[in-house]
Amino acid sequence: MVNPIVVALDVAEATHAVHLAGVLAGEAGGFKVGLELLSGPGPATIGAVSEAGNAPVFVDAKLHDIPATVRRAARRLGSLGARWLSVHASGGRAMLEAAVEGFAEGSAGREAGVLAVTVLTSLDQESLREVGIGESPGRLTSKMAALAADTGCEGVVCSPMELGVVSTVAPQLLKVTPGIRPPGAAAHDQRRIATPRDALAGGADYLVVGRPITTSPDPVAAIRRLVSVSGW
């Protein structure tokens, strides 16, 4: 691992994403290709980013559908070179198992694993109540992490606030943490956030960071500052 920073390439154009990956080659622990790129330029961006950045790619597709559909989609994304694939833990046991099986089939023996998304960092207790969920983010994450471990997922995507919960329930799971902001940076649309140092101290394995790096006039300097303040 170069470092624990996974750069979120949340941009609209494949050329922009590939350029950023190339600029940050050797500087990032990985790159995230999310819905904006997948729904625009398309899944072929996965391979292009991986090649330009010379680092593993986390495909943040957040799949959530019936098991058969998720299995086929996971197989396809695995065949395109994704190292990790996100699926919503709320899809349930059968869907998670289908994702794990399909992704393994598509990856054809290459190291690859499914990450179960627990509670989005943009949600808080009140947001959950609005959709009929009375449990706290922590308790909900605890149940989802246990299910992720039981269904063969490699890890979870969780907020910095729930890292301890995941470590207690399923310590073997990889913990990928968004909602990371340098000290003093704007939270934007995130609600449950932490600094890089605090997230790593809490047990995070990878930190997903986008705008503080990708919108910087000097992305290399920005990621080096993040690594420095993280204590890595």
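Values in this text are rule-based calculations from the coordinates and carry no lab data. Bear in mind that the values here come from a model prediction, so they are computed numbers and not experimental data. Cβ placement follows ideal geometry from the backbone for every residue including glycine, while neighbour counts extend to all protein chains displayed.
Things to note:
- Three-way shape label, the chain, alpha-carbon gyration tensor, a/c 1.5: oblate
- R0 of 35 Å, Cβ-Cβ distance Ser39-Arg110: FRET efficiency to nearest 0.05: 0.90
- Straight-line reach from Lys143: taking Cα to Cα under 19 Å and skipping same-chain neighbours fewer than 8 places apart, the lysines in range are Lys62, Lys175.
- Cα gyration tensor, the stretch 100-232 - rounded (a/c under 1.5), prolate or oblate: oblate
- Residue-wise HN-Hα coupling along the stretch 50-61, computed from phi with Karplus coefficients 6.51, -1.76, 1.60 (Hz; x: Gly, Pro): 4, 5, 5, x, 6, 7, x, 10, 9, 8, 8, 7
- Charge tally in the Cβ shell below 11 Å around Gly155, where Lys, Arg are +1 and Asp, Glu are -1, Gly155 excluded: -1
- Helix content alone sets the calculated 222 nm mean residue ellipticity of the chain: runs of n ≥ 4 DSSP H residues at -39500 (n - 2.57) each, divided across all residues, give -12500 deg cm²/dmol.
- Residue by residue, the stretch 141-150 carries 3J(HN,Hα) couplings of 4, 4, 5, 5, 5, 4, 5, 4, 5, 6 Hz when phi is fed to the Karplus relation 6.51 cos²θ - 1.76 cosθ + 1.60 (θ = phi - 60°); x denotes Gly or Pro.
- Residues Cys158, Cys153 arranged by fewest to most Cβ contacts within 10 Å: Cys153, Cys158
- Between Val229 and Glu13, the simple label model (points 7 Å from Cα in the Cβ direction) yields a spacing of 2.9 nm.
- Net charge, Asp65 excluded, C-beta distance under 11 Å - Lys, Arg +1, Asp, Glu -1: +3
- For the listed peptides 53-60, 212-219, 114-121, a ranking on the average number of other beta carbons within 10 Å per residue, highest first, reads 114-121, 53-60, 212-219.
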